[in-house]
1. Tell me, which residue of the range 26-52 that is closer than 30 Å to LYS3 by Cβ and of a type in the set (A, V, I, L, M) is nearest to the chain's Cα centre (by Cα)?
2. Pick out the one residue from LEU65, LEU51, LEU39, LEU24 that is at pLDDT 95 or above and not in a helix (DSSP H, G or I).
3. For the range 53-92, which residues satisfy the criterion of being of a type outside the set (A, V, I, L, M), under 13 Å from ARG35 (Cα atoms) and within 12 Å of the chain's Cα centre (by Cα)?
4. Taking only the range 1-37 into account, find how many residues are hydroxyl-bearing (Ser, Thr, Tyr) and either under 14 Å from LEU65 (Cα atoms) or touching a residue at least 60 places away in the same chain (Cβ under 8 Å) (or both).
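The values are calculated or read from the model by the stated rules, or taken from the named source; none is laboratory data. Bear in mind the structure is a predicted one, so any value in this text is a computation, not a measurement. Positions of Cβ are generated from backbone atoms using ideal geometry, with glycine treated the same way; all protein chains shown enter the neighbour counts.
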Amino acid sequence: MVKSLPACPIETTLLYISDKWKVLILRELLTGTKRFSELKRSLAPVTQKMLTQQLRSMEEDGLLLRKVYPVVPPKVEYSLTPLGKSLKPVLDSMKDWGLARQKSFRKA
């Protein structure tokens with residue numbers, strides 16, 4: 001869990017989303033609640049261990065909620081908290097920048 005925040009606002013943002021998988025997990029959960037297996041499939045080639053670590057870290061940071069259903073086999077769902085959803089404009093800007101870069105790269 002984040003104990004204190006850096007003075008630089010960009011560094012603060014990176015503190016929460018600096019890992020490749022965290023950004024991609026956010027992208028997937030912005031479309032709605034997902035089960036672990038759905039996330040793993042859509043984020044291939046992420047390993048189960050890495051996905052579990054990233055999800056736990058994001059839960060500790062308050063970016064997502066983990067809901068466990070008392071059934072066998074276990075059913076676990078992940079969804080974004082309001083804090084996680086508030087990162088949508090950041091991801092939208094990253095997407096827009098990436099699209100512009102792809103277009104200019106193709107022209108070159």
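1. LEU26
2. Matching residue, one of LEU65, LEU51, LEU39, LEU24: LEU65.
3. TYR78, SER79
4. Looking only at that region, the number is 3.
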